[in-house]
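Each remark here refers to the structure printed beneath this line.
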Amino acid sequence: MADQSNSDTSKNTLVKAEPSVDAKVIDIAIRLGVLGLFAYFSLQLVAPFFLFLLWAVVLTVALYPVYSWLANRLGGRKGLSATLVTLVCLGIVVGPVAVLVVNLVETLQTWYHAIAGGSFKLPTLPENLANLPVVGSKIVEMWDLASRSLEQFVVKVGPTLVPAGEKVLSALASLSGSVLFFMVSIIVAGFLFVPGPALASGAKRFADRIIAPRGAEFVDLSGATIRNVSRGVIGVAVIQGLLTGILLVLFAVPFAGVLTFVTLILCIIQIGPALVIIPAIIWAWSSWAVVPAIIFTALMIPVMLIDNVLRPLLMSRGLDVPMLVILIGVFGGTIAYGLLGLFLGPVILSVFYELVIAWVKVREETDEEL
């Protein structure tokens, strides 16, 4: 009897020692609350640098094949390869991009002050333009009409545009900050090249914990999409925009900065630079002597067609992202984050689109197997 009593007492003790469901829920809630609190404060600390880190990661993924190729050519000197890639990227940003941004800001500031003072007028067309066959007279007629209508428009709504112009100027002032932003992001990306494989492996393990067992595949898909969009869309657009801007500045074409920015947007949304280059060539032939016009045309036409050669070379596979996704990414990113969003928007939205499509396909395949 004593043994049975002791056995019952031990069983009751074991039963009492097991926590109830409510206790388990409270325990889990407390743990999640503490974890969430740490996550919140950690995100608050990282938030000011989030865009820097995000753009640095995009640059690292996009340029890593170049870094790897250069490291192999330098006998495995990874640090030297990362330094060279970083310096080349900084040279591109500090040089041509900075000059074009300054030109753009100065041009738009001049326009704003002219509109605010009511003295803005369209420039006079070259006299030779009227002699162009078929279209010459129509161009002159439309230009004169636009000039007259624009003056009336400025007189009527100019006072309303002046306050809005102050916001435009503040946005233009942020362009210089965007150039500095690019420089810092490039430097951060330079430090990510060497530990890149370890970081990618960690990202795959983290993704497997969230969306197992396909997490690693989604990370690989994200990297491939970033490289395709960055090189095949953004990279080609930047090359065409920079070459166009350099030629426009060298030949002293009016509004070179504005035309370059328009060219860049047209190239990113896959329309191409023809809408800027062809009118510039027409203007050159109507304003310059024959020899400068021939040289300008001979240089601009290859720039206009270079995307047909570069895009197949820079893209490792076909880009399946619809043009509407890229277009929304361009304009949405620009509205949200300015000049940085112009480049980052289509990349992020394309990655999200590809991941959603892949997730839907995985779900469909699972349903078919069942």
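The values are calculated or read from the model by the stated rules, or taken from the named source; none is laboratory data. Just so you know, these numbers come straight off a predicted model, no measurement behind them. Cβ atoms come from the backbone with ideal geometry, glycine included; neighbour counts cover every protein chain shown.
Residue 276: touching a residue at least 12 places away in the same chain (Cβ under 8 Å), surrounded by 18 or more Cβ atoms within 10 Å (Cβ to Cβ) and not basic (Lys, Arg), yes or no? Spell out how you get there, then give the answer.
Working: touching a residue at least 12 places away in the same chain (Cβ under 8 Å): yes; surrounded by 18 or more Cβ atoms within 10 Å (Cβ to Cβ): yes; not basic (Lys, Arg): yes.
Judged against the criteria, residue 276 is a match.
Only one of 316, 350 is at pLDDT 85 or above, within 30 Å of residue 213 (Cα to Cα) and of a type outside the set (A, V, I, L, M, F, W, C). Can you tell me which? Going through 316, 350 in turn, just one is at pLDDT 85 or above, within 30 Å of residue 213 (Cα to Cα) and of a type outside the set (A, V, I, L, M, F, W, C): 350. Only helices (runs of 4 or more DSSP H) whose full extent lies in segment 42-148 are considered here, and the ones with at least 2 residues that are of a type in the set (Ser, Thr, Tyr) and at pLDDT 70 or above are 50-73, 78-92. Look at residue 194 and say whether it is closer than 24 Å to residue 89 by Cα, part of a loop (DSSP other than H, G, I, E, B) and at pLDDT 85 or above. The answer is yes for residue 194.
Of 237, 216, which residue is in a helix (DSSP H, G or I) and crowded, with 19+ Cβ neighbours inside 10 Å? Show your work before the answer.
Working: 216 fails: crowded, with 19+ Cβ neighbours inside 10 Å.
Only one candidate qualifies: 237.
For segment 253-265, the criterion of being crowded, with 17+ Cβ neighbours inside 10 Å, without any contact (Cβ under 8 Å) to a residue 60 or more places away in the chain and not in a helix (DSSP H, G or I) is met by at least one residue.
Within the bounds of segment 270-277, is there any residue that is assigned to a helix (DSSP H, G or I), among the hydrophobic types (A, V, I, L, M, F, W, C) and in contact with a Gly (Cβ under 7 Å, 6 or more places away or on another chain)? Within segment 270-277, none of the residues are assigned to a helix (DSSP H, G or I), among the hydrophobic types (A, V, I, L, M, F, W, C) and in contact with a Gly (Cβ under 7 Å, 6 or more places away or on another chain).
Restricting to segment 330-340, and then to whatever is closer than 17 Å to residue 263 by Cα and modelled with pLDDT of 80 or more, can you tell me which residue is surrounded by the most Cβ atoms within 10 Å (Cβ to Cβ)?
We begin by selecting, within segment 330-340, every residue closer than 17 Å to residue 263 by Cα; these are 330-331, 334, 338-340.
Among the residues that remain, those that are also modelled with pLDDT of 80 or more are: 330-331.
Numbers: 330: 23, 331: 16.
Out of the qualifying residues, it is 330.
Going by what's in this entry, would residue 303 be described as modelled with pLDDT of 85 or more and within 28 Å of residue 184 (Cβ to Cβ)? No. Looking across segment 192-203, the residues that are exposed (fewer than 15 other Cβ atoms within 10 Å of the Cβ) and of a type outside the set (A, V, I, L, M, F, W, C) come down to 195, 197, 201, 202.
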